[in-house]
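Comments concern the structure below.
The values are calculated or read from the model by the stated rules, or taken from the named source; none is laboratory data. Note that this is a predicted model, so its numbers are computed, not measured. Using ideal geometry, Cβ is built from the backbone for each residue, glycine included, and neighbour counts are taken over all protein chains shown.
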Amino acid sequence: MVQFENVGLRYGTGGEILSNLSFSLERGSFNFLTGPSGAGKTSLINLITLACRPSRGIIRLFDEDLADLPRARLPDLRRRIGVVYQDFRLVPQLSAFDNIALPLRIAGMANEEIGARVTELLDWVGLTSRANAYPETLSGGEQQRVAIARAVITRPELIVADEPTGNVDPDMARRLLRLLEGLHRGGATILVATHDIHLLGRIDHSALMRLTRGTLDFPGSTLHHMPGVAVRG
Amino acid sequence: MSKGTPALLPQRRRPGALPWLIAATSLLMLLAAAAALALNGAARQLSATTARTLLVQAVDADRTRRETAAEDAQGLLLRAPGVVSVHRLDDREVERLIGPYINGMAISDLPLPILIDVKLDTGADPARVRALLARIPSIEVAPAGAGLGPLAELIATLRRVALGIAALAAGATGLVALLTARAALAQQGAIITILHGLGATDRQLARLITIRIARDVAIGAATGLVVAFLAIHFIGHQASAIGAGLMAHGFGAEGWLLLALLPLGLIVLAAGATHLTLLASLRRLP
């Protein structure tokens, strides 16, 4: 699903933010990405979600080598990835309904079908009564659920969540994890970036990647087992 | 919940200053274009008049011979093919024509040439008429508009200036739209990034902003068109009322149609410039 080979990333002429990253995420796997603040988790997520290009190395996504891929095909790949951003990135001028509908509208789906799908998702995240609310009137947890609904509405093959529990209380964090677990059972590949160590043991057969100062902590190994957690580097 | 039309980007409730700017530039463009059209009509009318009108002069200093030459010329002209009318100016007409320049002198005291206005048919050849009259001594033939050359040149220059102003105004409109597109891109940068991350293509994003700018341009162009039409109609009315010669005839239905189509061209120009600018800027995204 996702394969990195000796990938490095630098912004402008600065030093490398990420160095020599080599790992793969298997189709249908549940993966955690952890590490201290500033380790490069968000930069790695930006690479996986095609928000930036690597300075060196090879990235394969959905069996496509990004180096060979024309830029015009990147939107198709992005539509196969659902992203929950740390700061949610909801469009402030759009209601919860319209925010969730965005990926479908971008994909050119008919309005009638969009209505049915969004209504279903609003029900799934428990926000039916807040469909017309704008982001500024939603609580942090509600915004997060809108962001999750938007990330999964196209039933993406890969779901990436950047610090999804960073802005919510422990109860909401547990509910969110259950949501992601449900999507995983539905066949999606999940990558959750978090520095919340308590999350790691909650998903059985999950894999762990740990970043420190832009490099993976377990170089050369493919899988590390921890209680309830598979660790890979 | 908006279930009608897809709303990728939020629609602004107030259009801002762009329509007013476009209204001003399109008004300027339409007035300049109208002036160019009117001058074009004037130039055509002048050209048609001078091409089909000849001024025949009997210039012999001797009154009797002058009179004979004029009568001979009139006779020939009346039988010549392509001649529509032959009109000899009588003394009162000549006096009215040159009176202001001879300071009250009696024209009978002056050896003035006898003037004959000749109007030709549309297809008639003035050269043939000249050749016909060349047989009569002391007869000179000149195009009626021989002295109007500088006026024709002035009209042509003014027409070029008016066209230049119209082109500049159209260019300014395109530039305003282009700058607005860049500003919109900068202003909506965060939202563009979100849509881009969700898989929106460059064309989708460019189209969103282009449609909004084209709508503002359309509002401005329509406003400019209405004001311009009112102004042109008013000026035309005034010109007709005073019988402003060449300018009193306006520019006909085709002219009005062309003026009405110009704002459409303006919208296409602005939308095209905006779309291309946006595409070029969006290509810099990863």
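Residues in the range A:73-97 that are in contact with a strand residue (DSSP E or B) (Cβ under 7 Å, 6 or more places away or on another chain), outside any loop (DSSP other than H, G, I, E, B) and either at the interface with chain B (Cβ under 10 Å from one of its Cβ atoms) or of a type in the set (F, W, Y) (or both): A:L77, A:I81, A:G82, A:V83.
Looking only at the range A:112-125, how many residues end up being out of contact with any Phe, Trp or Tyr (no Cβ under 9 Å at 6 or more places or on another chain), at the interface with chain B (Cβ under 9 Å from one of its Cβ atoms) and buried (at least 19 other Cβ atoms within 10 Å of the Cβ)?
Total meeting the criteria: 1.
Give me a count of the residues in the range A:28-72 that are within 14 Å of another protein chain (Cβ to nearest Cβ), of a type in the set (A, V, I, L, M, F, W, C) and assigned to a loop (DSSP other than H, G, I, E, B).
Matching residues across the range A:28-72 total 7.
Residues in the range B:239-278 that are over 30 Å from B:I213 (Cβ atoms) and either in a loop (DSSP other than H, G, I, E, B) or at pLDDT 80 or above (or both): B:I242, B:G243, B:A244, B:G250, B:F251, B:A253, B:E254.
Suppose the filter is more than 14 Å from chain A (Cβ to nearest Cβ), aromatic (F, W, Y) and surrounded by fewer than 16 Cβ atoms within 10 Å (Cβ to Cβ); does B:F234 pass it? Against the criterion (more than 14 Å from chain A (Cβ to nearest Cβ), aromatic (F, W, Y) and surrounded by fewer than 16 Cβ atoms within 10 Å (Cβ to Cβ)), B:F234 qualifies.
For A:T165, the test of being β-branched (V, I, T), in contact with a Lys or Arg (Cβ under 7 Å, 6 or more places away or on another chain) and touching a residue at least 12 places away in the same chain (Cβ under 8 Å) is failed. Of B:L178, B:L151, all but one fail to be over 21 Å from B:R63 (Cα atoms) and either within 14 Å of another protein chain (Cβ to nearest Cβ) or surrounded by fewer than 17 Cβ atoms within 10 Å (Cβ to Cβ) (or both); the exception is B:L151. With a requirement of 3 or more residues that are modelled with pLDDT under 80 and of a type outside the set (G, A, S), the helices (runs of 4 or more DSSP H) lying completely within the range A:98-216 that satisfy it span A:170-185, A:197-200.
B:G171 fulfils the conditions (1) outside any helix (DSSP H, G or I); (2) without any contact (Cβ under 8 Å) to a residue 40 or more places away in the chain except for a single criterion, (1). Against the test of being over 28 Å from A:T165 (Cα atoms) and surrounded by fewer than 21 Cβ atoms within 10 Å (Cβ to Cβ), the options A:M109, A:M1 yield a single qualifying residue, A:M109.
Can you tell me which of A:A67, A:A39 is among the aliphatic types (A, V, I, L, M), within 22 Å of A:M209 (Cα to Cα) and at pLDDT below 90?
Working: A:A67 fails: within 22 Å of A:M209 (Cα to Cα).
One residue alone meets the criteria, A:A39.
Does B:L76 qualify as being under 28 Å from B:G149 (Cβ atoms), part of a helix (DSSP H, G or I), away from chain A (no Cβ under 14 Å) and at pLDDT 85 or above?
So B:L76 passes the test.
Within the option set A:A147, A:A107, A:A133, being more than 10 Å from every other protein chain (Cβ to nearest Cβ) and within 21 Å of the chain's Cα centre (by Cα) holds for one residue only, A:A147. Quick check on B:V161: is it away from chain A (no Cβ under 14 Å), among the β-branched types (V, I, T) and assigned to a helix (DSSP H, G or I)? Taking the combined requirement at face value, the residue satisfies it. So is B:I219 in contact (Cβ under 8 Å) with a residue 12 or more places away in the chain, part of a helix (DSSP H, G or I), within 14 Å of chain A (Cβ to nearest Cβ) and under 30 Å from A:I106 (Cα atoms) or not? For B:I219, the condition - in contact (Cβ under 8 Å) with a residue 12 or more places away in the chain, part of a helix (DSSP H, G or I), within 14 Å of chain A (Cβ to nearest Cβ) and under 30 Å from A:I106 (Cα atoms) - is not met. When you scan the range B:108-115, do you find a residue that is buried (at least 17 other Cβ atoms within 10 Å of the Cβ), assigned to a helix (DSSP H, G or I) and of a type in the set (S, T, N, Q), even just one? No, every residue in the range B:108-115 fails to be buried (at least 17 other Cβ atoms within 10 Å of the Cβ), assigned to a helix (DSSP H, G or I) and of a type in the set (S, T, N, Q).
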